[in-house]
Each structure stands twice: as structure tokens, then as C-alpha cells.
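Just so it is clear, none of the values below were taken in a lab; they were calculated from the coordinates. On a predicted model such as this, the values are computed, not experimentally measured, just so you know. So basically every Cβ, Gly included, is an ideal-geometry build from the backbone, and we count neighbours across all protein chains shown.
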Amino acid sequence: MSHRASIAQFGQINRRTLMMGAGAGLAVAAMPKRLWAQGAPTLVTSIRSLSNPYHAVWKTGAEAYAASVGLEHVTLVSEGNSEKGIADIKAMLAKTGGNMVLNSDPNDTPDARPIVEACKSAGASVVTQWNKPADLHPRDFNPNYVSHIEFDGIASGKQIAEILFKTIGGSGGIIALGGLISTTAAIERKKGLDEALAANPNIKLLDFQVANWKSTEAFDLTSNLLTRFGDDIKGVWAANDDMGTGALEALRAEGLAGKVPIVGIDGIKTAVDAVRTGEFACTITSDPFWQGGMGLSIGYNAHTKKFDPATQPPEHREFYGKVVSITKDNVEEYYKNNIDSKPTMDWNDLWGRVTGAIRA
Amino acid sequence: MKNSFDFRTMLANAWVQGAIPPALLVVLVIIVEIGSPGFLTGETLALLLSNTAVLFILATGVTFVILIGGIDLSIQAVASLASVILAQLLPSMGLLAFPVAIAAGLVFGILSGVVHVWLRVPSFVATLATGGVVAGMALWLANGRAITIEEGGRASTSWINATIAGTPVVVLIAIGVGLASYLGLRYSRFGRQSLAVGAGEPAAYAAGINVDRTKIIAFALSGTLAAIAGVILAARLSSGSPSLANQLLLPAIAAVIVGGTAITGGLGGVGRTAVGALIISIVRIGMTFVGVNIFAENVVFGAVLIAAVAITIDRSKIAIIK
Amino acid sequence: MFAANGISKSFVGTHALKNVDIEIRPNEVVGLIGENGAGKSTLMRILAGTHRPDSGTLTLDGQPLRMRNARDAAGHGIGMVFQEQSLLLNMTVAENIYLGQEHQFTRFGIVNWRAMNDASRRQLAKIGVDIDVTARASGLTFAARQMVELAKALTLEESVDRPLVILLDEPTSVLSASDIDVLFARVKSLKSRASFVFVSHRLEEVLRISDRVYTMKDGAVVAEHRSEDVTAPALHEIMVGRGLQTEYYKESKQDVPRSEVIVEASKLGVAGAFHDVSFKIHAGEIIGIAGVVGSGREEITRTIGGFLPQTEGKLTIKGEAVRFTSPEQAVRKSIGYIPRERRVEGLVMFLSVAENITLADLSCVMRGGAINYKEERKLAVDWINKLRIKTPGPDAACRKLSGGNQQKVVLARWMTAGSRVLILDHPTRGLDVGAKEEVYDLVRDLSAQGIAILLISDTLDETIGLSHRVFVMRDGEVTAEFDASRGKKPDQVELLREMV
Amino acid sequence: MKSISNTEPKTAMQSFWSRAGKARRWRAFAPLAVLIVLCILIAIANPNFIEPRNLIRVANSAAVPLTLAMGMTFIILLGSIDLSVEGAVSVAAMVLVLLATNDSNTNNYGWFAVIAAIAASTVMGLASGFLQTTLRIPSFMATLGVWFIGLGFSVYMLGGSAVRLMDENIRALALSRFLGFPLAVWIAIAAFAVAIVIQYHTRIGRHIMAIGGGEDVAELSGINLRRVRIMAFGLAGFFFGVAGVLAAAQLGQSNAVIADGRLFAAVTAVVVGGTALTGGEGGVLNTLVGVLIVTVLANGMILLGISPYIQQTVQGLMIIAAVALSLDRFNLKIVK
């Protein structure tokens, strides 16, 4: 608990607010809001839902970071509803008077713009992850839009595909399960799969179906696909682990678990367990724990003027984070460090996982 | 003597019944203000109103359909489709994309109505199915991805995000839509006939009302307003997406019913829907303000919905509550 | 003996019953008459256990009786037969008969349907009707449904070891004359095992079936007679407060029709319903159609009303050939239809009087493309005064009005819409004597104004009394035509001969 | 006495519709005909469809929807609607997983967990029924509220993560087979049998039909509307609970969104089967056909390789077609 740090910040913020207040001429209506703003910033996490393991871990990371700096932390959930997600963020901005740090995984690509615009006009600092329109850039919203973090979906999709191909011996048919059609991650991961397929002519993509990131839908789809292709299915490529586990249970019901390898992305616990038992060939994790904490850390450091976003290099403003692939070879170690015990992070290593600027 | 007394008690009852939903609204605002002082500022209220705008426009469309005793489950798909069309066409057509996107809503609204009326498929199923068709169409049009409205297109949509005299344009649009719908329901032939159809379809039919046409118009309006909502969403989010308006269907219907419009039809109106939409919005935003535990949000929301309906519903005018 | 003493009941603002005493002795049929609003229905509901009195007591064989609902009443052997539509049309006859009493056939939670069907057959056999107990009620005639209702009430015999009390609430209002005979025969034969309370608007019927008659007025019992001691006109006078006019159907007001032909049907037909029907209705003329159920007369009114498209022949309105596929088209050709199902097809019960009056044609209160509420109200108030509609006001919902006043609202609507042709489909069904008279008056006025009227009615009396000419139909064909102009009214027997 | 047992149209309005009277008998079997035609068409396009293994899979995919739709059928027969399906299923799955052997806590209550899960969902159903009859609010809103409450509760209890079900006996419901079919299918068949018995052979079943056919008449016949309503919703909750157990057993885990999309699927199946949303018409037999139509259609679209982009569209069109063909609309005065 860095109690001292927060007291120091208190003074700092206080001065800044007072100056702003004097400059702007304090409107009566805005009084309560400004009063609010005199405290330390509120850390805000905005994610899609609490009902998937990926975001649940994200929230754990965010809380771990908030605890490490001793700040209030609020989680907002969009429930897959863009309007709600944005409305909640705006409500928090109003409540905190803009004195907040937002780490957001926008529900849908388009949501990023209004979120960033709202933060800009309220004076909050924001970090977005995964989804943003291609023409929205942090550099256009200095200093509020600090960074955007993505994970190279194409690379991930390709990487798991290649591991899958290797596992099944370089030839045969596979089926693929895609995410919600309109999301960037779904599109990119599929592109990665396509690239891997192009490089491996002996692998045949029997069918690509969309299971909307959900294990239930993947379960039904997989069992239907088993009918259509039967024993021709040698492997299953899933754009996320939830769908992969749905496929796994469908295979298990046919006695095929472990015989038909599955690959997925996210590194959720069930998938890691499945890698241990050999039912999954691999999963890739973007480390939601890190995403949840580091997004806030980057935003908080900018908000408190530890660094000036405007002077940061492009690869710190829009970058791909590092992913870890978990296969048979490293799963036990990963399990020990990340699942049996809470991972420890150096939250001040802001740029340690930057792998490069996002391609235009 | 006796008659005039009855008349007065009845008027009083009607007045009381009409006043309950707005009263509930005020109570909710006060509760949130107490829970989180600072809620009642001009800025927050403007935020509240502009966040309610899209929900209200969608809900107004559904109000027409619920008043005739039907239901429209296709609105979220239609709104998403309109957003996709707008985003697709803005670069080439500029402002003309707006009428085209809205016209698409009209067309699919009519389609729902026609399927329901001509094939005599219950509206619940008819619109569930047309909703599926429309969603597929939106996916196909958008080629499965969100379409960003680029810099050039945003010039044509920026007016929606602007404010006039401190009032967000979306709020003005919602007020315009609400006012037009209110006047239409109260003063037009269609409005009267749709109430009659909802309250007593056989009698309306026997009185020479073209029931089929009235129903189709109601669905057409619902589709059109859904498209307007979709267009506004697209402008606010600077993009169109086949899943843009997902999750807005149930809140929209809930807004209609929380306002006190009977789900069986024939009773209610746009004013009630406005109150209902505000109640839904306040509960949602209020929970963020008051700081309700994120895990408890759904529980609180569900409980408030039930309580709100229990308070606002006018039981004296509903024959059987199903 | 089942008795009610000092029963009072008030609803918000109105005294429905004031200190009512009645008794129902064993093996007796008690008649209960009164105008609508006199309190008959409320009293019946209290006797049937569905309403509770504010004060007063019910006693059964001297024991005080407390009933909370219909089930309690049934437990004491009190059953009710409702006037119509009280069978569930989606269920079979047997299921209807034993609805709410399935426990008799239940073993380990499973209902033995075969036993129930057999029991239902026995019940129906008791009253001497042969109806398939596994048929759905929706397929039965009104008469058959009434019999099923009676059988349902009689099932109480099995579970209650005292003579039953069966409440018959206007059981005849939807029945044809011959069906009424059947019903009365059953009631008489059952008198040895049960007592009955019989409510009807038709005084002759009440006198015919009852041993004693109670007359109600304004929530109180004002008279009690033995049937043989009193006549229908005398009862009418007590009930309404004035004498039965010798001129019940206002024959003296019957005008000679004008020469202008408004409606002309030539060889009109609907496959499976009626065929080769030809007639003309002149301005100001009232044409009555007599016939039993299934004769095709109902379908004729539906065809001219636009509900049932003709499949053959020609229909001409004011010289223009028409073929309606919806009531909307008929209304456009200035046809107004007054349905028998007032609550379903006549009025939108939840809309106000004013809104119902302008339902068919809003244009007279539209100003600059918008409904002018002031004008609409004014129009409604005009009609309320002109037709003496008893209503709290033009804004009151129609469901709060009595049947007669509702019927006036329907008439006001068609007058507002400028109808030149009115189809009266059982216009006085369910109305009390006073309300009937008012409707007859109105019909005469309309006729005098030159409106062409097509009438079908429950009673031959009414048909003959009101009409200028009467057509008799049988099996979809017109079998006879009678002149019924003033002073030349045909005899009922003549008509009946042609009907069956 | 011309016609005491003849059939006569009830009202003139109905006589208008009864022109189609002859078609009525045929229409009752229309959903079955649609199902058969659908099966034949798919089998022609892809003979794999009629392979026993595929038929078993179709049965397996139908297990959860069938169980859900059984519960929904009773509610729709009442003339009401139950939107709380997804909440109830997720609560049942959550209770099951947290009480049985799992990877999140040390509980190991075995079959007791199954009973508790079904009980939890039944209680939710009873609560829906109690709320709407006590507060006199439409079932639409009462169950919408209960949906949110249930969902929120299971999100809270699961802490947002997916918890794995590791009780081998319960997993066996999905993994073990009897006569070739997974046990889940047998349980769904048992649920169907129970529903048949309830609808056609018990008082509550009759009373549900009676209320759907005419609430006022039912009341006058001495039926306790409130009790029947509460029991019907409780019954629906029971079936939702069984479905939740099956879903968790099939997926081997529980997360709060385990029931996503199940509501509309269940209602669609019920209506496609020919049960009227107005109540009083149809029944669990219809629903069986409806569930099979929807499941076969989904299976067929995959077998035929229909692009995921247009699957929703095809499904929408097929639903309209099936309902338009099969609904006994001429018996309904008003279609809402």
C-alpha cells in the first residue's frame, strides 16, 4: 500500500483542479462534480461481461493493480450492449468529473471513438484494448488517449493453426470455429488460419462455422459437423478457448476427446487443463491478468504525469502485446506460475511486452 | 347527482393513474441523488437524456405495435441493418444515405407487417423470423464486419453529435420523434384506429376499420423508428455493424411496459413510453452512480423492473392479466 | 330451503342490492325478473358464491351459509348455468362437464378420462340429450352448449346429498323457440330432484316455467307472485313502472316505405350457406328475415355487412353493383351493421362513448387533418341527449354502460357515419323490456328517415312487429314472403309453418 | 328441434372462418408433415443425415431444447410467457456445478447437487408465478425481472468464471449411453413422458388448458387460478432445471451464459409445433414436433454446408414457412 504516494498525488491533483477551476470560472451546477475531482483518480475497467473466464481474469488483474497503488477501482460491464457500455463510462466520467483512468475493452470496434471522445472532453486518461476503428489514433487525442493495445490476431490464428497442423501430422481435414462475425479479433484470427492453410496445402479446411465465441453454440455445431464429416475431422481450430472447450465436450460425447486435437486462444483454465491432458494441442494467452492491470497502469502513469503520452514513440501508443503459447512442453510451468498461484507482475514495466507498432 | 359523482371519481382515478409513472420517475431520481450527490446536475441530466434517446426512439416504434396488441422482436436487427446501410453509403451518397437507411427500416417494417397480417403468423414469431432474415442481410451487406464511418463520412454525421443551445441534437431528435408520435397517436385517424384495434379487434373490424392496414402501418412505423435509432447509433459510434443494436430489444420493450402501456394492447401511449425509457435509463445509470456492486447490477435491475411495473400498471383497464 | 335474508351489496358509488329477501323452496322453479340494472345479476352472483354480500345472510335449510367462491357453492349443491359462452371451447364436452371436479376421477394424481367420459354420458343421458362427450365444445350449437351447462350443474347431485339449487341466468336468450321447449321440458322433469332460479327478460317464458316470480327494481325485491296469479303485462308494469304499451312495436309509427330501392339482391348466394336469394329493400323499409338456426339468414346479414363474400348472384347498393370482401368496403357504401355480439363486435368496450361513436367515420370531427377532441365531445354529447344514452359522460368507457345504452351508442355510430342501410342482427338480445322499447322507437325513427333496414331477431313477434315485409328462409332458400305492413301483420303460426 | 347435436358456428364471425373447417383436421398434422418433408429433403441432399450416428446426434442436440420447451409449453398453454428461461437454466447449472465435484471449491454432494439444482430452478419458477399473481403484473414483465435476477445471481456465484463439472456420475449423463443414445436423451424423453402425463392425465394439466381457453370461465368452474398459475410456473421451472442439469453435464462446465439464446429457441419450437401463443391450443406433443423441426433444420443447414452468414436468414424464412403452413389460424379469431 503506497499510502504516501496517494497523499502526494492528492496535493498534486488538488492544485491542478484549483487552477482549472479558477481558469474556467466554476459553474454552480458543476460544483459537486468538482468536489469529487479533488481526490485521487478513480480506476475504471470497462469489459464486456463477467460471465466469461477471460474477462474474469482481466478483472482480477485490474483489482491486483488497484490494490498495489491503493486506489478506488470500479468495474463496468457492457453485457454486450454498446450503448450501455458507453453510457456507463459517461456516467462514471460525470461522477468523477473526469478524474479517472479508464482501461477499456470496447464491446465493439465502433465504440472506441465515442469512448475516447468522451474521455477527452472530460479530461480522463484512457487506454483501449483489442477493438478500435482503424482511423482512430491515440496521437490525435493527446494527452488523454494514452495507448491502444492489441494482440496480433493474424499471428495468433496462424500460430495455433500451425501447431494444430503439426500435431495431426501435416495432412488431413480440420474444422474451424469462428467468433462473432463482426469483431476484429474474429476476423484477424480467421485470416491467420487462412494464411496457415495456404502454406499447408495438405491440410483441408472442411468447414468454417461461427459459434459467436460461445461454448454452447460450439458444442452443437461440432456435433453437427461430426455428422457431416465424420472421421475426416482430424483437428479442430477454435478462435477462442470457450468455443474450443465446447468442441471438446462434443468430441468427448463421441468418445473422440484426446483423439482429435483442438487449438484455441485465451489460455483459460479449462483450456490449460486440457493441454495438460492432451485434449488441447495448444492455447495462446494474451494474459488478461496483465491486460487488466497494465492497461490501468499505463493510463495512471500518464494521468499522473509520470510520462507525457505526446512524446512517446508510436510503438508505445498503438502496439501489439506479447502472447504466450501454452503447449504440452511448457504447460506444467505455466500452470504452476499462473494458475496455482496468483501471478506477480511488475506493474511499472510499462512497455516490457511491446512487440511492435500495430500495422496500419 | 350520482352520475356526476361517478364521473368525478373516474376522472380522479384516471388522473392518478396517469401521474403514477412520472411520480415514480421523480422518486428514482431523488433516490439516486441521495445515493450519489452530484447526480442532479445539468450535465448529468443532458447525459441521461442523450443516452435515453436511442432507447426511447426504439421503444416508441414498439409502442405502436404493442398498442395494436402485437409485438415486434425485429427492431434490433432493423436498427443494426440501418447502421450498416448508413455506413456503407455515406462515402458515396453523403447525406442521402440517411433517407436510404431509414427507408430500409420502413421496408422491413412493412415486410414484418405483411408476414404477420397476410400469412396470419403471430407477430411474436413473424418478427422473430423477419428479425433473423434482416440480421442475415445486415451480415451479408457488411460482409460480416463493422464498417467504420471514415473522416469524410463523419462530416455528414457530426450534426447528430452536436449540441444546439446546450441541448444534444440526439435529444432534440428524440423529442421530435416523440412529439410527432404523440400527436400522430392522439390526433390522426391511424392513431385512433390502432387503439381500437388493440382494445377490440373484432369490433374495430366490424366498424369498418381496415384492420390489416392499421397493423401494417404500425409495423412500418416500428421499422422506420428502429432504423432512425440505428442511424443515430451509427452516427454516435461512427460506424455501422450487424450487431450494433444487439441487446436493445428487451430494454425497449421493458421501457414500453414499465411506462404503463398494456402488453395486450389498446391502452397506453408515447408519453408513457418516454417515462418508461427514462426510468430504465435512470436505473441503469443510477446504479453506476450509486456504485451498486457490479455483480448485483442485474439483480437490482430485475427487481426494479418488477417493482416498477407493479407500480405503474393500470389494472382497472386491463381485463385479464396474462 | 335456500334463503337469502336482508342482503345488501354496494359497489363504488352505487347500491346494487338493498335489503333483499328471497327464498327458494325444494322442487320449485323461482322466476327472477327485473330491468337491467335492477340487481338480478348481482343477486345471482351472491347466490352462486362469486360475490359476497356486504350485509345479510344466506341460509341453507336453516343453517347459515358462508361461501367464498363458486367452488364453495358447488360444495353446497348450488350450481349456476350462465347465459352463454361459459363453456371452454378448446376443451371437450366431458372435460367441461367435470371442470374443477376432476378429483372424483383422480387416482394417484392421474385422471381417469374413460371414467370421466362415461360419467359425462350418464349425466347427459339424465337430461335426455345425446351429445358426443369427446367432441370439442366449439363444435356445438348454442342449444347443445346450454344442455351441457345444465348437465354440468347437475353433476353436483353426485357429490352433494341434498336437492340441488340450480341458478339459470338467462338461459333462453340465445336459444330458438324449439330449443327453449326442450330446455323447459328438462327443467320440469328435473324439478323433482332440484329447485331452480330462472332469470329471463321474456316475461311469458318466466311465467310459463316458474312456480313463483320475484320482481326486482332498483336493487330491491318489489313484488312476489305465484305464477298463476299474475299476467305478463301486470309484471311488466311493476317492473318498468308503467304499463306495457298495447303498441309494443310502435306499429302506429310504421310508415309506408318510399319508392327508392336502396338494397337489391338478385340470386345472391354463398356456397354452403344460402342461394338464389332475391329481394329489394326500399328507403325507409324494414325487411325481417325469419328462419331457424342454419336457415342461412345469419349468413345473408354477414354478406351484406361485408364479412362473408358472396360467391354467386348480384348485390346492388343504391344502384351500384358491389361485392364486399371486408366490412370496411360495406361501411364505405354506407352500410351499418349492428351485431348480436355487442361486446365483441359491436363496441370497443375499453374505448369511450365518444370514441365509439366516431369509430366508423372520424372525418366529421377531423379539422385540418387532426381529430378535434372538442368537436368529438360535442358530437357525442349531442347523441347522448338525442338518444337519451345513460352514461357518466362522453368520456366513460363503453363497458360501464348497460346493454341498451351500448346499443344506442352503436346506432349513434352508424348515424354519424351516415349509414343508409342498417343491418340489425338480434338488436334487442339481452336487453330488458324498457330498453327494448327504446330501441324499437329508434328503429321506427330511422325508418321514417328513409333508412333501409334488414332485421333478424330472436323472436318472431319482434320480426313481425317491426317489419314491413317478412321473408322466411329454410335450408338456405327463401320459402315465403309475407306482407307485414300496418294492420296486415301475418300470424306467427303461418310463418312457423314455412320455417320448419 | 333441428339441431341439438349438430355443429353450428359460434358466431357469425367464426362462420366466416369456418369455411376452412375441412382443412382444420389436416392442419393439426401439418407440423408433422413439415418435419417429414424437411427430413426427406435433407436426406436427399446429404444421405449422411439418416445415418444412425447422425440421428443420435440430432436426438442429443434436441435433448436440452426439448426439456426446456416442455416447460415453456405449459406456460404458453396458459396464455402467458416465461422469459426467465435463461436465468433459470443458468441458476440450475450454477447450483449443480458448485455443489458437485468441481474445480472451484471442495464440494462433492453428488446427486444431491442435481436435486438442489432442479429445486433452485423450480423455486424461481414458483417465485415468478407468485410475483405475477400477487402483484398482478403481466408474466412478461415478472419473468423478465426474474431472468435478470437469476442471471445476476449466477454471475455472482460463479464469480464470472467457467467452473468445470468434475463429478463423473453426472458427466455420465452426457457421456454414457444406453441403447446407443446418450443418457441425456433418455432423460429428455422421460421429461417428455412426464409432460405428457401432466398435460393429458392430471388435473393441473387440464386446469392449465382451461385457463388458457378462458380464464373467467375457469374461475367460475371453481378452479383456483392463482394456484394453478403458480404451479404452472413452478412446473416450468422444474423442466428448466432439468434442462440446466443436462446442459451443464453436456458442456462439462457452467458459466452464466450457458443458456444464451435458449429463450427464443424454446418459444420458436413451441410455436412452430402449432401451440398458439394465445393459450389453450396445442400441447407437448406439438412441441416435440416443433423441437425436432428446429433441431433438424439446424443440423441440416450444417450438413448442407450453408454459409454461416445466411443461416439466420434461412432459419427465419423456414420458421415463417412452417408456422404459416401449420398454424390452425382459421380457428383463431384474432392473430396477435
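Overview of values
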| quantity | calculated |
| --- | --- |
| Lys, Arg +1 and Asp, Glu -1 on Cβ, resulting dipole of the protein assembly as shown about Cα centre, debye, nearest 20 | 1260 debye |
| Per-selection Kirkwood Rh - the stretch C:85-230 (Cα, Å, 1 d.p.) | 16.5 Å |
| Pairwise Lys count, the stretch C:340-483 - Cα closer than 20 Å, eight or more residues apart or different chains | 13 |
| Cut-off under 5 Å, modelled amide H: who pairs with C:G288 long-range | C:L455, C:H468, C:R469, C:V470, C:F471 |
| In the stretch C:283-349, the trypsin sites (Lys or Arg not before Pro) that fall in loop regions by DSSP, at most 13 other Cβ within 10 Å | C:R323 |
| Taking chain B and dividing mean pair separation by its residue count, relative contact order in percent (alpha carbons under 8 Å, at least six apart) | 33 percent |
| Cα centre as origin, Lys/Arg/Asp/Glu Cβ charges: the stretch C:411-470 dipole, Debye | 320 debye |
| Spin-label pair C:K18/A:S341, simplified geometry with 7 Å Cα→Cβ offset, distance in nm | 9.3 nm |
| Cα convex hull of the stretch C:251-499, projected area averaged across orientations, nm² | 12.9 nm² |
| Dipole-positive endmost among C:L362, C:Q492, C:L150 within chain C (Cβ charges, Cα centre) | C:L362 |
| Spatially proximal aspartates and glutamates relative to C:K314 (Cα-Cα < 16 Å; intrachain offsets below 8 disregarded) | C:E264, C:D276, C:E299, C:E477 |
| Gaussian network model of chain A, springs between alpha carbon atoms under 10 Å - residue of A:G157, A:G39, A:G264 with greatest fluctuation | A:G39 |
| For chain A, convex hull volume per residue from C-alpha positions, Å³ | 123 Å³ |
| Computed Kirkwood radius, in angstrom, where 1/r is averaged over Cα pairs of the stretch A:153-285 | 13.8 Å |
| More than 36 angstrom apart: percent of Cα pairs within chain C | 36 percent |
| Antiparallel content of DSSP bridges confined to chain C, in %, to 5 | 55 percent |
| Residues D:M72, C:M80 arranged by fewest to most Cβ contacts within 10 Å | C:M80, D:M72 |
| Beta bridges per DSSP with both ends in the protein assembly as shown, % antiparallel, nearest 5 | 45 percent |
| Residue among B:A135, B:A218, B:A87 with the largest mean-square fluctuation in a Gaussian network model of chain B, springs linking Cα atoms under 10 Å | B:A135 |
| Sparsely packed trypsin sites (Lys or Arg not before Pro) within the stretch A:87-188, loop by DSSP, other Cβ within 10 Å at most 10 | none |
| All lysines inside 18 Å of A:K322 as judged from Cα atoms, apart from same-chain residues fewer than 8 positions distant | A:K158 |
| Taking all pairs of distinct alpha-carbon atoms in the protein assembly as shown, Kirkwood radius in angstrom | 35.4 Å |
| Value of relative contact order over chain D, rounded to a whole percent, pairs C-alpha under 8 Å and six or more apart | 33 percent |
| Within chain C, helix-based [θ] at 222 nm, where runs of 4 or more DSSP H residues each add -39,500 (n - 2.57), nearest 500 | -9000 deg cm²/dmol |
| log₁₀ of I(q)/I(0) at q = 0.20, 0.21, 0.23, 0.33 Å⁻¹ - the stretch A:60-106, Debye sum with one point per alpha carbon | -0.72, -0.78, -0.90, -1.22 |
| Environment charge of B:G291, counting only residues whose C-beta is closer than 13 Å and scoring Lys/Arg +1, Asp/Glu -1 | -2 |
